[in-house]
Amino acid sequence: MTNTTWFTDTFPSDDDMLVAYFCAEFGLAAAIPIYAGGLGILAGDHLKAASDLGVPLVGIGLFYYDGYFQQRVDAAGQHEAYTERTGADVGADPVTDGAGSPLRISVELPTGPVSAVLWRLAVGSVTLLLLDANIPENTPADREITARLYGGDRVMRIRQELLLGIGGMRALAAAGITPTVFHINEGHSVFLQLERLRLLIDAGRSLEDALALIRRNSIFTTHTPVPAGNEVFSDDIAAEHLADAAASIGMSMHQLAALGKLSDEPGFGLTPLALRTTSRANGVSRLHGEVARTMWRGLWPHRDTAHVPIGSVTNGAHVQTWLEPGIATLVRDAGVDLARPAAARFERATEIPDAALWRAHRSNVARLVDLANARGAVAGAHPRLDPHALTIGFSRRFATYKRAGLLFRDPDRLARLLSAPDAPVQVILAGKAHPGDSDGKALIAMVAELATDPRMAGRVVFVPGYDMAIGAHILQGADVWLNTPRLPMEASGTSGMKAALNGALNLSILDGWWAEGYDPTIGWAIDDGSSAGDEAAQDTRDHASLLDLLEHEVVPRFYARGGDGVPLGWTTMMRRSIARVGAEFSATRMVGEYTERMYVPAHRQGTTN
Ligand SMILES: *Cc1c(COP(=O)(O)O)cnc(C)c1O
């Protein structure tokens, strides 16, 4: 570490800025299982990139002692198991006061006060604070608030979110940390704004002034264009759990409830509350920004959609986390300065020698094939993967909109593709369905069963136990990264960026980041990017487009070899993909953009008034 950073060089007079970054999940490493998928891993990458750039930032989340579940798969599909951990088990340090005793905060819930202690994790120069309610002075029911990520019912969820938002603010205060900017990363943590209002009102401000003040230095990032993904509580649950908070800011529950609605629909939505209490809001790709403006335009009845104040900052991936070391060496040798992420000159990766790139990547495929042959032998499957075959990777949450089943709609046509004598193809999948998502679980059971289908010849393999480590193996060892979300439901789709960085070519619906990242010299676009027609028509068309592309473009290009066995047409695309994605879709580009466009302006507005 040096004394100057990108941040101090770029913003020398803003050294008193401090961003509080709130999120319900953080994916930092497989050994710290407090993430479910893309949102958490993005939050982890955000902290790492903030550290790289020297952006003053503190993360706030919950320490779930059961974490997210471990997955086992048999013929019936997915099964969940949980292992209890303490913060110390994952390398976190207890936060203590001057006298060495643990700091404690508490939050009032309808069932009484709940206390939490704090754990501190160092992410480079960034601190992540995690609240933990699993302490003896809480009732057994209250201890469970921080048991499972996205576990339990709606009441459990609002209790978790009150602890995260209100408790998170109290944790910062107890630890003597005074942020100047508040980033609400997805609506789960928005209740922090109620605590900020209370503090200002207790200090003598009017409600109107307090609202104007908290808006100035607050940022909200929405992550889901799927309506069901936007948290809504029933009016009853909201009234029961928010009445005290409403009273503490001099609002009637009726007034507070109105902030959680687009207009007068039933339910209390966290996204409307977040949009109403922040002055800067964004989606996570250009296309998602557009979708979000349409979804939430009702909050700005006097504006047309194009002028709805929700912008976009396209997500990015933390290069040093996801780049496989062998490929990283080639990237460095080509002149990319990985040690200086803000000035890495990733364009130089186009100079990587084709044969060396092919060799390094084949060894990553071989490593993945070994792993998948060993671990994929579940539920009656007998994997017969081959390190030389064209390898398609698919690894992410099994949410139904991601359509993990699309590739498998016509098993006979797929079987012919997989078993072509001179041009074999294989598919490696992994992913978890939320324990309460029976459709997602049915998809896993379907794929696990297909893996045992003799027509597939052991060339479709589901690897159970998906986590960051298995995800990394698959995205580093895939030749093709498949992404088949139902347009326009994929906000971003960061796994495609990580795969591209490692030389996989994306074969994807033109949704999320791929709508701006796609270029025929680095990958393929499934269908024409139109969502016209009903869902069945969309599935039929996208499936046909996917299989046509595989048969006529992807497979022939992969197997067009020179005398040395290197497919130059393919490796040329790999080089361009690595260079383009490294330059444009890194987490440092993303955090740099948040800093320039949102954090620093919010900081200046918040402190000069
Ligand atoms: C990046 C990442 C994701 C994100 O998946 P998308 O479907 O692309 O949003 C999911 N899981 C893991 C392990 C990841 O690293």
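The values are calculated or read from the model by the stated rules, or taken from the named source; none is laboratory data. Note that the structure is predicted; figures quoted are calculated from it, not measured. Every residue, glycine as well, gets a Cβ built from its backbone with ideal geometry; the counts of neighbours run over all protein chains shown.
Of all residues in the range 563-609, which are free of Cβ contacts under 8 Å to residues at least 24 places away in the same chain and under 17 Å from R340 (Cα atoms)?
Correct list: empty.
Do you know which of the residues in the range 212-236 that are among the aliphatic types (A, V, I, L, M) and surrounded by 19 or more Cβ atoms within 10 Å (Cβ to Cβ) is farthest from the chain's Cα centre (by Cα)?
Applying the filter and picking the extreme gives I214.
Given the options A469, A448, name the one that is more than 21 Å from G229 (Cα to Cα), aliphatic (A, V, I, L, M) and surrounded by fewer than 23 Cβ atoms within 10 Å (Cβ to Cβ).
The conditions single out A469.
For the range 123-144: of the residues being in contact with a Gly (Cβ under 9 Å, 6 or more places away or on another chain) and free of Cβ contacts under 8 Å to residues at least 60 places away in the same chain, which is surrounded by the fewest Cβ atoms within 10 Å (Cβ to Cβ)?
Filtering first and then ranking leaves T139.
Okay, residues lined up against (1) assigned to a helix (DSSP H, G or I); (2) at pLDDT below 95; (3) closer than 24 Å to W296 by Cβ:
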{"site": "N134", "(1), (2), (3)": "no, no, no"}
{"site": "L162", "(1), (2), (3)": "yes, no, yes"}
{"site": "R170", "(1), (2), (3)": "yes, no, no"}
{"site": "E208", "(1), (2), (3)": "yes, no, yes"}
{"site": "D236", "(1), (2), (3)": "yes, no, no"}
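Would you check which residues across the range 39-60 are away from the ligand (no atom under 16 Å from the Cβ) and in a helix (DSSP H, G or I) and list them?
A50, S51, D52, L53
Looking only at the range 465-490, which residues are more than 8 Å from the ligand (Cβ to nearest atom) and either among the polar types (S, T, N, Q) or over 25 Å from E553 (Cβ atoms) (or both)?
Matches in the range 465-490: G465, A469, H473, Q476, T484, M489.
For the range 292-344, give me each residue that is in contact (Cβ under 8 Å) with a residue 60 or more places away in the chain and charged (D, E, K, R).
Answer for the range 292-344, where residues must be in contact (Cβ under 8 Å) with a residue 60 or more places away in the chain and charged (D, E, K, R): just E324.
Mind counting the residues in the range 496-530 that are within 11 Å of the ligand (Cβ to nearest atom), without any contact (Cβ under 8 Å) to a residue 60 or more places away in the chain and not in a strand (DSSP E or B)?
Adding up the residues that qualify gives 2.
Need the failing condition index for D534 against (1) more than 13 Å from the ligand (Cβ to nearest atom); (2) in contact with a Pro (Cβ under 9 Å, 6 or more places away or on another chain), just the number.
So D534 meets the others, but not (2).
Conditions tested, residue by residue: (1) more than 16 Å from the ligand (Cβ to nearest atom); (2) under 22 Å from the mean Cα position of the chain (by Cα).
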| position | (1), (2) |
| --- | --- |
| L371 | no, no |
| G376 | yes, no |
| G380 | yes, no |
| L385 | yes, no |
| H388 | yes, no |
| S395 | no, yes |
| F398 | no, yes |
| G405 | no, yes |
| D410 | yes, no |
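Hey, among the residues in the range 98-111 that are touching a residue at least 24 places away in the same chain (Cβ under 8 Å) and assigned to a loop (DSSP other than H, G, I, E, B), which one's farthest from R159 (Cα to Cα)?
Result: L103.
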